[in-house]
Amino acid sequence: MKYIILLVAILFVGCSKEPKEMEAVLFERSGQWITNDDYSDFFFFNRKVYNGPAYMLHRNGKKKEEGTLKNGYKSGTWTGWDKEGNKKYSGPYEYGMEQGSWTGFHINGKKKYEGDFDKGFQIGEWTYYNDQGKKTLEEIYYVCDEKCEEEHSPRECHRKGKVKQSKEF
């Protein structure tokens, strides 16, 4: 009976979903976060990756970033703040790379930019605003279509992330 209670207690503590401070209890290797208890100088032996909520802090102790790690990579929606605690950006990650719609914010809370990422590259239309909320710049980034993909597959498109068209207001 003692062993069953001990096992249940270990499972309960081990499965805790308390957010982990990434820089204090995790190691980053090639964009993947691993736990301290399995750290080795040889990358091959670092097999225990972290899954669950995580965050990073600025040197002043205020939150810098917060989100979820899946298989050691940033995954799902992450939010970032500046040193004073003002929201800086928000957007999703997939396998440690920006993926999907992102929004940035000025110190006063108004929108600074909005646009989409694909595997860490800006794609499609991006709109930038001044701190009063007025549109100042619109850029269109290359998007790789099927024809383009056939030309360079399996490599990544060399035009991805580059500005195709820019318009100031």
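Observations on the model:
- Within region 71-100, residues that are over 20 Å from Gly31 (Cα atoms) reach partners that are among the aliphatic types (A, V, I, L, M) and part of a loop (DSSP other than H, G, I, E, B) with beta carbons closer than 6 Å, at six or more positions or on different chains, in the pairs Asn86/Ile107.
- On the stretch given as region 149-169, residues that are within 19 Å of Asp116 (Cα to Cα) and assigned to a helix (DSSP H, G or I) total 1.
- Just one of the listed residues (Thr127, Thr103) is under 19 Å from Gly67 (Cβ atoms) and β-branched (Val, Ile, Thr), namely Thr103.
- Among the residues listed as Thr68, Thr77, the single one being in contact with a Pro (Cβ under 6 Å, 6 or more places away or on another chain), buried (at least 17 other Cβ atoms within 10 Å of the Cβ) and outside any loop (DSSP other than H, G, I, E, B): Thr68
- Every condition in (1) in a strand (DSSP E or B); (2) at pLDDT below 55 holds for Ser16 except the one numbered (1).
- Residue count, region 98-124 (criterion: over 20 Å from the mean Cα position of the chain (by Cα) and over 30 Å from Trp33 (Cα atoms)): 3
- Unique residue being within 16 Å of the chain's Cα centre (by Cα) and surrounded by 15 or more Cβ atoms within 10 Å (Cβ to Cβ) when the list is Tyr128, Tyr95: Tyr95
- Residues of region 98-125 satisfying the condition of being surrounded by fewer than 17 Cβ atoms within 10 Å (Cβ to Cβ) and part of a strand (DSSP E or B): Gly100, Ser101, Thr103, Lys111, Glu114, Gly124, Glu125
The values are calculated or read from the model by the stated rules, or taken from the named source; none is laboratory data. Owing to the predicted nature of the structure, the values given are computational and were not obtained by experimental measurement. Cβ coordinates were reconstructed from backbone atoms using ideal geometry, including for glycine residues, and neighbour counts include every protein chain displayed.
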